[in-house]
Amino acid sequence: MKTISNGLTRFIQYFSALIVVAFLGGCNLDTRMSTFVTKGPIAEEQLSLFMLTVWVTFAVFIVVGGVFVYAVIKFRERPNDDRPMPSQGHGNPLVEIGLIGASILLLVIIAVPTLQAIWFTQDTPDDPESRLGSWYRGEGLAEEEAENPLIIKVIGYQWWWAFEYPQLGITTANEMVIPAGKVVHLELRSVDVIHSFWLPRIAGKVDLIPGRTNAMWIQAGDNFVKWKEKKGLAGEGPELRADYATYLKDEIHNYYYGQCAEFCGESHARMLFRATVVGDEAFTAWVADEKTGHATPDGKSWDEWYSAYDKNPEQLTGDLNDGLKLFMGRGKCATCHKVQGNPRALGVAGPNLTNVGSRQSIAAGWLNHRAEDGSIDLEQQYDNFYKWIHEPNVVKPGNLMWKANGGGIGELIDENGEPALLTEEEINKLSLYLQSLK
Ligand code: CUA
């Protein structure tokens, strides 16, 4: 008897330890998709609302649980208990009205800040320092846009993201770039089914719904005024500005992880995205680079390159030229993909591939080649391009690139024994070409 109870005690001890470990294992708050380590006013507002709700519900739990435990202990039946039934308070007007009143009060405590937070996140603020004219130094900004914040049109596709910057005349895919500490206004829509934009550390979720445009604003890091307020600082001056710049650089400039948060089909879980938060100057430089786009692999002008390509493609040699020829020809890539600079790569059905070689992931964040130090792991990048072109339906089941190509891209042989789809060598050259787009 003794041994059994010892064994049982030990089992309970081990089991409890296991439960504690399992629970605490989920307690690392500082993860890539954490909503607890916030980097901006929207996420911060949502976190404080969440914590308020947690505390209110925790108080309810303590009171109700306390009364319950008290009643169980006090009124439990004891051996030879001949006490009468305790008096039943059901229908006592004081208790009933009191509980209704308390419930209403608690709901009001939660509802008022909730409504305030909804308005706060819906209305893009007019922050003077976020107006394009006050920080963006690139060329070609229309005068009437100088008073507006940066606008990004977020468009959801099964299963990737387009990010259009209408004021700046550029479009990118899956990895958005935003300036630190600035208000950014987002317009969200979908071309197919409902998706949901979720960039947890910076902002909560907003759905992308076919046939309508939703709006939200995001801001990575505080603006100068808010930063001073939190630090208890006042005034202006170059030193304060320098400290603020240091804060942005050390705490905010980073690579953030986002995810589609609404089930949208078989590859919903593989519809990720990234946000790179950079300083004003780096942002301006990035825009200029996106606008310029790419030259030909061999230094010819595009006119020269295409006149050679149209006359006799054989005279264009080398891996990158071969890759570009496949991109325009047998691979049919340019039908759906745009590459800025290339006058004949104008497709809009697929992700814009300008500077795709500079992105740290492909296939909407599903295939990563970001090294630990933030640089690009070139071998991994090559492998990812190869894998994606070779078997896109394995990487992202049901994707349009695969479907549009009749259920394949690489390595099918036709009835005459000829390669119907791209051969290994062709995929190799295409991968090298895509990798060179940076
Ligand atoms: Cu898009 Cu889930």
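The values are calculated or read from the model by the stated rules, or taken from the named source; none is laboratory data. Just so it is clear, the structure is predicted and the values come from calculations on it, not from any experiment. Positions of Cβ are generated from backbone atoms using ideal geometry, with glycine treated the same way; all protein chains shown enter the neighbour counts. Please note that ligands, DNA and RNA were not included when accessible areas were found on the heavy atoms of the full protein model with its side chains. Shrake-Rupley method; radii C 1.70, N 1.55, O 1.52, S 1.80 Å.
Take the Kirkwood radius over Cα pairs of the stretch 274-335, plug it into Stokes-Einstein at 4 °C and 1.567 mPa s, and you get 94 µm²/s for translational diffusion.
Each listed q (0.14, 0.15, 0.31 Å⁻¹) maps to a log10 I(q)/I(0) for the stretch 195-248, found by the Debye formula over equal Cα scatterers with no solvent: -0.54, -0.58, -1.22.
With both residues required to sit in the chain, DSSP beta bridges show an antiparallel share near 70%.
Report the percentage of all Cα-Cα pairs in the chain whose separation exceeds 44 Å, rounded to a whole percent. Counting every Cα pair in the chain, those more than 44 Å apart make up 31 percent. Sorting Ile109, Ile178 on solvent-accessible area from highest to lowest, probe radius 1.4 Å, gives Ile109, Ile178.
Percent of Cα pairs in the stretch 334-395 per distance bin of 10 Å, from zero to the largest separation: 22, 47, 29, 3.
Hey, can you find the accessible area per residue of the stretch 1-139 for me, probe 1.4 Å, expressed in square angstrom?
Averaged over the residues of the stretch 1-139, the accessible area is 80 Å².
Given all pairs of different Cα atoms, what value in angstroms does the Kirkwood hydrodynamic radius of the stretch 92-214 take? One decimal place: 17.3 Å for the Kirkwood radius.
Using Cβ point charges alone (K and R +1, D and E -1), the dipole size of the stretch 297-381 about the Cα centre works out to roughly 460 debye. Rounded to the nearest 20 debye, the dipole size of the chain about its Cα centre is 1660 debye, using +1 on the Cβ of Lys and Arg and -1 on the Cβ of Asp and Glu. Summary of packing: across the peptides 247-257, 298-308, the per-residue average of other C-beta atoms within 10 Å ranks them, highest first, as 247-257, 298-308.
What spacing in nm lies between the two simple spin-label points modelled at Ala111 and Ala142, each 7 Å away from Cα in the Cβ direction? Spacing of the two 7 Å Cα→Cβ label points: 4.3 nm. Projecting the Cα atoms of Gly232, Thr171, Val72 onto the dipole axis of the chain, where Lys and Arg carry +1 and Asp and Glu carry -1 at the beta carbon, places Val72 farthest toward the positive end. Here the stretch 85-138 has an Rg and Dmax of 24.4, 82 Å, counting Cα atoms alone.
Across the stretch 41-115, the convex hull enclosing all Cα atoms gives 80 Å³ per residue.
Exposure check, 1.4 Å probe, all protein chains in place: Glu425 carries approximately 100 Å² of accessible surface.
Measuring from a point 7 Å past the Cα of Glu239 along Cα-to-C-beta, which residues in the stretch 210-225 have an amide N at less than 20 Å? Under 20 Å, as judged by backbone N against the label point of Glu239, lie 224-225 of the stretch 210-225.
Accessible surface of the stretch 241-306, 1.4 Å probe: 50 percent of it comes from carbon and sulfur atoms. When you count the other C-beta atoms within 10 angstrom of each residue and take the mean per peptide, 357-366, 29-38, 262-271 line up highest first as 357-366, 262-271, 29-38. A Förster radius of 35 Å, combined with the Cβ-Cβ distance separating Lys249 from Trp55, puts the computed FRET efficiency at roughly 0.50.
Under the criterion of Cα pairs below 8 Å and six or more residues apart, the relative contact order for the stretch 164-311 equals 28 percent. If R0 is 56 Å, the Cβ-Cβ spacing of Glu314 and Ala215 corresponds to a FRET efficiency of close to 0.60.
Go ahead and run the numbers for FRET between Ile104 and Ser307, Cβ-Cβ distance against an R0 of 51 Å, rounding to 0.05. Please report the intermediate quantities before stating the final value.
On the way: r = 78 Å, r/R0 = 1.53.
Efficiency, from the Cβ-Cβ distance: 0.05.
Within the stretch 275-410, all pairs of alpha-carbon atoms sorted by distance into 5 Å bins from zero give the percentages 2, 9, 16, 20, 20, 17, 11, 5, 1, 0.
Counting only C-alpha contacts under 8 Å and six or more residues apart, can you give the relative contact order of the stretch 41-190 as a whole percent?
Computed over the stretch 41-190, the figure is 17 percent.
Working with all protein chains in place, sort Cys260, Cys336 by solvent-accessible area computed with a 1.4 Å probe, largest first.
I get Cys336, Cys260, largest accessible area first.
The residues of the stretch 224-300 present an accessible area of 52 Å² per residue when probed at 1.4 Å with all protein chains retained.
Defining a contact as two alpha carbons under 8 Å apart and six or more residues distant in sequence, what relative contact order in percent does the chain show?
Relative contact order of the chain: 13 percent.
For the stretch 296-398, the number of Lys pairs with C-alpha atoms closer than 17 Å, counting only pairs eight or more positions apart or on separate chains, is 5. Computed on the Cα trace of the stretch 185-296, the radius of gyration divided by the Kirkwood hydrodynamic radius gives Rg/Rh = 1.07. Basic side chains Lys and Arg get +1 at the Cβ, acidic Asp and Glu get -1 at the Cβ, and with that the dipole of the stretch 198-321 about its Cα centre reaches some 660 debye.
Rounded to two decimals, the Cα-based Rg/Rh of the stretch 166-208, with Kirkwood Rh, is 0.95.
Phi angles of the stretch 312-320 translate, via the Karplus equation with coefficients 6.51, -1.76, 1.60 and θ = phi - 60°, into HN-Hα couplings of 7, x, 4, 6, 8, 10, x, 4, 6 Hz per residue; Gly and Pro are given as x. For the chain, the residue among Ser34, Ile209, Ala220 whose Cα projects farthest onto the positive side of the dipole built from Cβ charges is Ser34. How would you classify the stretch 14-151 from its alpha-carbon gyration tensor, with a ≥ b ≥ c the square roots of the eigenvalues: rounded for a/c under 1.5, else prolate if a/b is greater than b/c, otherwise oblate? Judged from the Cα gyration tensor, the stretch 14-151 comes out oblate (a/c at least 1.5, b/c at or above a/b). The accessible-area ordering, largest first, of the residues Lys387, Lys153 stands as Lys387, Lys153, per a 1.4 angstrom probe.
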